[in-house]
1. Among the residues of segment 184-225, what is the count of those that are over 14 Å from the mean Cα position of the chain (by Cα) and either open to solvent by less than 20 Å² (accessible area, probe 1.4 Å) or β-branched (Val, Ile, Thr) (or both)?
2. Of all residues in segment 58-72, count the ones that are within 13 Å of the ligand (Cβ to nearest atom) and open to solvent by 40 Å² or more (accessible area, probe 1.4 Å).
3. Are there any helices (runs of 4 or more DSSP H) wholly within segment 161-225 with 1 or more residues that are within 14 Å of the ligand (Cβ to nearest atom) and closer than 20 Å to Val96 by Cα, and if so which?
4. May I ask you to list the residues in segment 106-142 that are under 19 Å from Pro79 (Cα atoms) and either acidic (Asp, Glu) or open to solvent by 90 Å² or more (accessible area, probe 1.4 Å) (or both)?
5. What's the number of the only condition in (1) assigned to a helix (DSSP H, G or I); (2) at pLDDT 95 or above; (3) within 11 Å of the ligand (Cβ to nearest atom) that Ala39 fails to meet?
6. What number of residues in segment 143-160 are within 16 Å of the ligand (Cβ to nearest atom) and surrounded by fewer than 18 Cβ atoms within 10 Å (Cβ to Cβ)?
7. In segment 73-102, which residues are among the polar types (S, T, N, Q) and open to solvent by less than 10 Å² (accessible area, probe 1.4 Å)?
Amino acid sequence: MSKQGNKPSHVPEDHPRFESLKHRHDLIEGMKNLIVAEAGLIAHGRGECFDYILGEKTNKTALEAIKAAVALLLVSDHPIISVNGNVAALVPEELVKLSTIISAPLEINLFYRKEGRIEAITNALKKAGATNILGTDESTMVEIEELRSNRRLVDPNGIKIADTVFVPLEDGDRTEALKKLGKRVITVDLNPISRTALWADISIVDNIVRALPAMIEMATKLRKLPSEELNQIIFTFNNKKNIQDTLELIKNYIESQKEEAFKILK
Ligand code: ATP
């Protein structure tokens, strides 16, 4: 769990939803500091809704996807981690840690390019320990032709040349564009049927605040393995099946809640 951000002073630590309220607080503070776009708050709400029906935990299917994702990042020649405002506000330290362990640079890539946002996110990442951040110099950016939004602007030394792009909390258009460019795409998305999750090669259906620490732990183990073993992990992973299993898991969780949910009232 990220240690970044202040505790919401008005919420007691034993509040049953303390963690969730703390992340909302981080995002609201992030919005005030220009790191998070207004729409980022709404996107988080969409994510929270799915988190509820996933039982607010890292499920088995997410762990399988995490293992395959880390293996893929480790065998890639030019892996890159794409950073948006929400991710920078929620898990800056974890981003830096993962980037170091798997040797993948961080590239800021935004949908909403409000004046001062790139600088605000750069500062948040630097505060978390980042030294090499791409996507900060607009004058050197190049375009991805397949995309119309602001996200078409990428760093020539980052996403442009990357073979694998890790795009947590992404929108479907960009995932599709990156796929069309022949890149392998890994995402973290609480919605298993978002266009992003469906388009990606590996979709980790989990909350970013749990997924990134789990990826760091996994990377620490897997980086000791030879590339043949890593390739075997990637080869045996099936994203479509993983998403279908996750949907089954949601179905079962909701079914179990028919009775379980009422127990808290007694
Ligand atoms: P798509 O275009 O892929 O169908 P979308 O239009 O829902 O997706 P956005 O509005 O950009 O895309 O929302 C971002 C996605 O991020 C949503 O699917 C949401 O479930 C997910 N999300 C939001 N917060 C988190 C979080 N903390 N952890 C993981 N996923 C999250």
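1. Adding up the residues that qualify gives 4.
2. 1
3. Ranges flagged: 208-222.
4. Residues satisfying the conditions are Glu107, Thr131, Asn132.
5. (2)
6. 5
7. The one that is among the polar types (S, T, N, Q) and open to solvent by less than 10 Å² (accessible area, probe 1.4 Å): Ser82.
Okay, residues lined up against (1) modelled with pLDDT of 95 or more; (2) open to solvent by 50 Å² or more (accessible area, probe 1.4 Å); (3) part of a helix (DSSP H, G or I); (4) within 19 Å of Arg184 (Cα to Cα):
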{"residue": "Asn231", "(1), (2), (3), (4)": "yes, yes, yes, yes"}
{"residue": "Ile234", "(1), (2), (3), (4)": "yes, no, yes, yes"}
{"residue": "Asn242", "(1), (2), (3), (4)": "yes, no, yes, yes"}
{"residue": "Asp245", "(1), (2), (3), (4)": "yes, yes, yes, no"}
{"residue": "Lys251", "(1), (2), (3), (4)": "yes, yes, yes, no"}
{"residue": "Glu255", "(1), (2), (3), (4)": "no, yes, yes, no"}
{"residue": "Lys258", "(1), (2), (3), (4)": "no, yes, yes, no"}
{"residue": "Phe262", "(1), (2), (3), (4)": "no, yes, yes, no"}
{"residue": "Leu265", "(1), (2), (3), (4)": "no, yes, no, no"}
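The values are calculated or read from the model by the stated rules, or taken from the named source; none is laboratory data. On a predicted model such as this, the values are computed, not experimentally measured, just so you know. With ideal geometry, Cβ positions are generated from the backbone for all residues, glycine too; neighbour counts draw on all protein chains shown. Calculation scope for accessible area: heavy atoms of the full protein, side chains included, ligands and nucleic acids excluded. Shrake-Rupley method; radii C 1.70, N 1.55, O 1.52, S 1.80 Å.
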